[in-house]
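Step one of this worksheet: look at the structure below.
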Amino acid sequence: MTAAAARTLRAECPLPSRCSPHSQATQEWLAEWVRRFDLPLDDVALRRLDAARFAWYAGRLYPDASADDLRTIAALWTWFFLLDDACDGPHRASGAEVAALRDGVLHVLRGGAGAGPAGFGGPLRLMLADAWQAPRARMPLAWQQRFADAVAHHLEGDRTEAENKTRGHRPGVAEYVALRRATSAAYVSYTMIEFVTGHALPDAVYHHPALRTLAATGNDLLSWFNDLVSLETDRLTSGGHNLVLAIAREQRLPQERAVEAAVDRWRAAMGRFMRLRAEFPSFGSALDPAVAAHVEGVAHSVRGTIDWSLESDRYSASHR
C-alpha cells in the first residue's frame, strides 16, 4: 500500500518536476570519484552505491547548478548517505559514537588544524575534505558557519535517534516530527541553494519566520514522503522512527489506517506549502531575486526528493 500511496502523492504533487542536464555525466564522474577513497566496500556494495543514483538526486534538487557545482554537491550528498549508513547501518552506531563523528566532521568543516577528534577518520574524512574544497574556497565564512551549523543539527538528530533505539524509546508523533526535521538533512540541503546561486542570504532574511516556516514545511513534506517509501525497511529496523509507525502507535491504528493518516497529513502540509510559497513577503528589490531563488530551491528539494525516492534503488528490495 505504501508504494501505491507514494505514487499517488507524486502524481498529485503540484510542484514541477525538473532535473539537471548534467546528471548522467555527474553520475559517471561520481562512480570514479568514490573509488578513489578505498572505501571498505566490495564490488556488490559499490554497484548498489551506483544504483542509488546520488548524482541524479543532486540533479533534481539543484537543476540549475553548473556541471562543476553539481559534481561538488553530488560528492557531498554521497558522503552524507555513507555517513548515514555508518550511523544507522547493520552495525548501528551508539549515541556516543555519533557524537564523536559529529565532532570530527565539524572539525573539518570549521577548518581545524591537525587530525582533530579520533571519532572521525579514514575514507569518510578524506571524502569530506575533498568535497568541501570548492565551497570553502568560494563561499563567505558566514555561509560556511551556516552549513556547519546545519550539519551539526543533523548529526545531533542522528545522535538522539541512536540513543532512542538503544533504550527502546519510540517517539510520539510530535516528538518524531521535530526529530525528523533534523535527521532528514533537509536544512543542510537548503544551504547548498546559496552555493549554487552564489548568493548567501543575510542572517535576518535566512532566519526570518516566513522563510523558516516554509523551510520546515518543505522539510516535513520530503521527510514524510521518504517515510512512506522506506516504511517496510523502517518497520524492521527503525525502532519506531517513521511517521507511519509513530501514528500507528500513538493512535492505536493498524498500519493501513496509519498510512492513510500520514497521507492526509502530507496533503494538508502540501496545501500549506503552496500557500506560503504564493504569499511570500518582499524583502526589497535588492534581496527579492535571491530570496525567490531560495524559495524555489526549497520547492525543488521537495519535488526532487519525491522523484528520486521512486527512481533510486536505495529504497528498493534489491538494495537491502
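If I take every Cα pair under 8 Å that is 6 or more residues apart in the chain, average their sequence separation and divide by the length, what percent do I get for the relative contact order?
Relative contact order comes out at 25 percent.
In what sequence do SER189, SER66 fall when counting other Cβ within 10 Å, fewest first?
Neighbour counts put them in this order, fewest first: SER66, SER189.
In whole Å, what is the distance between the alpha-carbon centres of the stretch 117-146 and the stretch 273-317?
Here the two parts' Cα centres lie 25 Å apart.
Using a/c under 1.5 as the rounded threshold, could you call the stretch 30-75 rounded, prolate or oblate? The axes a ≥ b ≥ c are square roots of the C-alpha gyration tensor eigenvalues, and prolate needs a/b larger than b/c, oblate otherwise.
oblate
Which of rounded, prolate, oblate describes the stretch 224-263, given a ≥ b ≥ c as roots of the alpha-carbon gyration tensor eigenvalues and a/c under 1.5 marking rounded, otherwise prolate only if a/b is larger than b/c?
oblate
Can you compute the FRET efficiency between ARG138 and GLU163 using 1/(1 + (r/R0)^6), with r the Cβ-Cβ distance and R0 = 30 Å? Round to the nearest 0.05.
0.25
Between ALA67 and ALA96, what is the FRET efficiency for a Förster distance of 45 Å, r being their Cβ-Cβ separation, to the nearest 0.05?
With a Förster radius of 45 Å, E is 0.65.
When the dipole is taken about the Cα centre of the chain, and only Lys, Arg (+1) and Asp, Glu (-1) are charged at their Cβ, what size is it in debye, to the nearest 20?
Taking the Cα centre of the chain as origin, the dipole is about 440 debye.
Would you mind pulling out the separation of the Cα centroids of the stretch 159-229 and the stretch 9-84, in Å?
Each part reduced to its Cα centre gives a spacing of 20 Å.
Stretch ASP42-ARG257 to full length: gain in nm at 0.36 nm per residue minus the Cα-Cα span? Don't skip to the answer; put the middle values down first.
On the way: separation 215, 0.36 × 215 = 77.40 nm, distance 4.04 nm.
Net length gain for the segment: 73.4 nm.
For the stretch 1-126, build the charge dipole from Cβ charges (+1 Lys, Arg; -1 Asp, Glu) around the Cα centre, then report which of CYS87, TRP56, LEU41 sits farthest towards its positive end.
Comparing the listed Cα positions along the dipole, TRP56 ranks first.
Of GLU279, GLU97, GLU163, which is the most mobile in a GNM of the chain whose springs link Cα atoms less than 10 angstrom apart?
It is GLU279.
Where does the chain land at 222 nm, in deg cm²/dmol rounded to the nearest 500, when only DSSP H runs of n ≥ 4 count, each adding -39500 (n - 2.57), divided by all residues?
-23000 deg cm²/dmol
For the stretch 173-222, I need the span (max minus min coordinate) of the C-alpha atoms along each principal axis, in Å, sorted largest to smallest.
Projected onto its principal axes, the Cα set of the stretch 173-222 covers 37, 20, 14 Å.
Compute the whole-percent fraction of alpha carbon pairs in the stretch 146-188 spaced more than 15 Å apart.
40
Determine the gain in length on full extension of the stretch ARG275-ARG235; use 0.36 nm per residue of separation and subtract their C-alpha separation, reporting nm with one decimal.
Working: separation 40, 0.36 × 40 = 14.40 nm, distance 3.32 nm.
Full-extension gain reported as 11.1 nm.
For the stretch 1-58, rounded, prolate or oblate, judged on the Cα gyration tensor with a ≥ b ≥ c (square roots of eigenvalues), a/c < 1.5 rounded, else prolate if a/b > b/c?
oblate
Compute log10 of I(q)/I(0) for the stretch 227-320 with the Debye formula, placing one identical point scatterer on every Cα and leaving out solvent, at q = 0.14, 0.24 Å⁻¹, to two decimals.
-0.69, -1.21
Read the figures in this text as sums done on the coordinates, not as results from a lab. The structure displayed is predicted, hence computed values, not measured ones. Neighbour counts are summed over all protein chains in view; Cβ atoms, including those assigned to glycine, are modelled from backbone coordinates with ideal geometry.
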